[in-house]
1. Since residue 280 meets every condition but one in (1) part of a helix (DSSP H, G or I); (2) of a type in the set (A, V, I, L, M, F, W, C); (3) open to solvent by 60 Å² or more (accessible area, probe 1.4 Å), which condition does it not meet?
2. So, in segment 2-41, exactly how many residues are exposed (fewer than 15 other Cβ atoms within 10 Å of the Cβ) and at positive phi?
3. With segment 54-157 as the region, which helices (runs of 4 or more DSSP H) entirely inside it contain at least 1 residues that are within 16 Å of the ligand (Cβ to nearest atom) and in contact with a His (Cβ under 7 Å, 6 or more places away or on another chain)?
4. Output the number of residues of segment 103-123 satisfying the condition of being over 21 Å from residue 160 (Cα atoms) and free of Cβ contacts under 8 Å to residues at least 60 places away in the same chain.
5. Mind telling me which of the residues 62, 86 ends up being open to solvent by 10 Å² or more (accessible area, probe 1.4 Å), of a type in the set (Asp, Glu) and closer than 23 Å to residue 322 by Cβ?
6. For residue 190, are the conditions met, namely being closer than 15 Å to residue 153 by Cβ and away from the ligand (no atom under 16 Å from the Cβ)?
7. Can you confirm whether residue 209 is in contact with a Lys or Arg (Cβ under 7 Å, 6 or more places away or on another chain), open to solvent by less than 10 Å² (accessible area, probe 1.4 Å) and away from the ligand (no atom under 11 Å from the Cβ)?
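The values are calculated or read from the model by the stated rules, or taken from the named source; none is laboratory data. Keep in mind that this is a model prediction, so the values were computed, not measured. All Cβ positions, even for glycine, are placed from backbone atoms using ideal geometry, and neighbour counts span all protein chains on display. Only protein heavy atoms, including side chains, enter the accessible area calculation; ligands, DNA and RNA are left aside. Shrake-Rupley method; radii C 1.70, N 1.55, O 1.52, S 1.80 Å.
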Amino acid sequence: MVQQREAMSWLPAYKQGAAAGDSGAFKLSSNENPFPPLASVIDAIASTLGDIQLYPSMAVAEVTDRIAARFDVDASNVAFGAGSVEVLSQIIHASAGAGDEVIFAWRSFEAYPILIQVAGATPVPIALTADERHDLDAMASAITAKTRLILVCNPNNPTGAFVTTDELHAFLARVPATVLVVIDEAYVHFNRDPSSAVGIDFFHRYPNVAVLHTFSKAYGLAGLRIGYAVAPTAVATNLRRVALPFGVTALAQRAALASLDAEAELTLRIDEIVIERTRVLAALRASGWRVADSQGNFVWLRTDVDTDRVNAVFIRDGILARAFPGEGLRVTIGTAEQNNRFLAAAAAALEPTAV
Ligand SMILES: Cc1ncc(COP(=O)(O)O)c(C=O)c1O
């Protein structure tokens, strides 16, 4: 038999949220944007189709300049990938290998432990606090001479909890300057709490902080795959070294530029999602659910051992959520119609006669 790396025998595969197919169910399992692409974004993509025989700009030059100007950083600080998950993979590969440790909160984004192990490094998951937040104290205490990288997901997927500015400063005071701290802000546009840490401010203040952003969520470009890091120049240079060559297509680059041009229009949509999130949380509480606030485009139901049963009710009632058996269910905020169906399913799951 062909020899493969031993790690492949136990590495879990990343699981995509269940597809609705033609079942009529609503797929609220992948934190996707419920709105269709803007007409201007479709036009921009269409205008690029005639050039797809050509390789894209590997430097992602135009989008880099726009992002650098926006955050008042140098172009050398910006590195792109095919989605922020690819940039995360670049960061892990550039920072940690065999024998090195990567600290992250758990539960958090499922890709973290997988990508860390693919790189041959050792995952060091640190349990969330009882109120679903990063336990930054425990994360700082877990730092050893082997720690190379720390991931902070703000707001956290799947719990929606955020890290405050004060907490992050206190945490960084305990992190050696040789250890890179990545603030994963995939959901930053939905985060409306003024006490939340803002990654770019920390990047400007600390030489060992990088920030991850994506066009997948708030900008609605999940299908095109484009995300980036703002990182210290030496780190960003290494990200370009380990990046898949030509990983970010010209279509994705044009769509990102068109999205940046259409920000006012996109902001209205993001605001609508945030308004729906507030409505959904209030309705869940009114129907008897105990649910924590969320600063993401999703809500988190801590169903513990009841997760499979509640998920069965959701599936029966046409809601595809992301279930973490034994822990809870993450449900993406969708359109008002989708959210109403979810709320009805959530209320039904509380009834004693439910499945
Ligand atoms: C916390 C977090 N980071 C990064 C990503 C990756 O998103 P993308 O690769 O589409 O940019 C996700 C996607 O779900 C996420 O939840």
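1. (3)
2. Looking only at that region, the number is 2.
3. In segment 54-157, the matching helices (runs of 4 or more DSSP H) lie at 84-95.
4. 6
5. Only one candidate qualifies: 86.
6. No.
7. Spelling it out, it is not the case that residue 209 is in contact with a Lys or Arg (Cβ under 7 Å, 6 or more places away or on another chain), open to solvent by less than 10 Å² (accessible area, probe 1.4 Å) and away from the ligand (no atom under 11 Å from the Cβ).
The rows are residues; the columns are (1) farther than 30 Å from residue 50 by Cα; (2) open to solvent by less than 10 Å² (accessible area, probe 1.4 Å); (3) under 24 Å from the mean Cα position of the chain (by Cα).
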| position | (1), (2), (3) |
| --- | --- |
| 256 | no, yes, yes |
| 259 | no, yes, yes |
| 265 | no, no, yes |
| 273 | yes, yes, yes |
| 287 | yes, no, no |
| 309 | yes, no, no |
| 314 | yes, yes, yes |
| 325 | yes, no, yes |
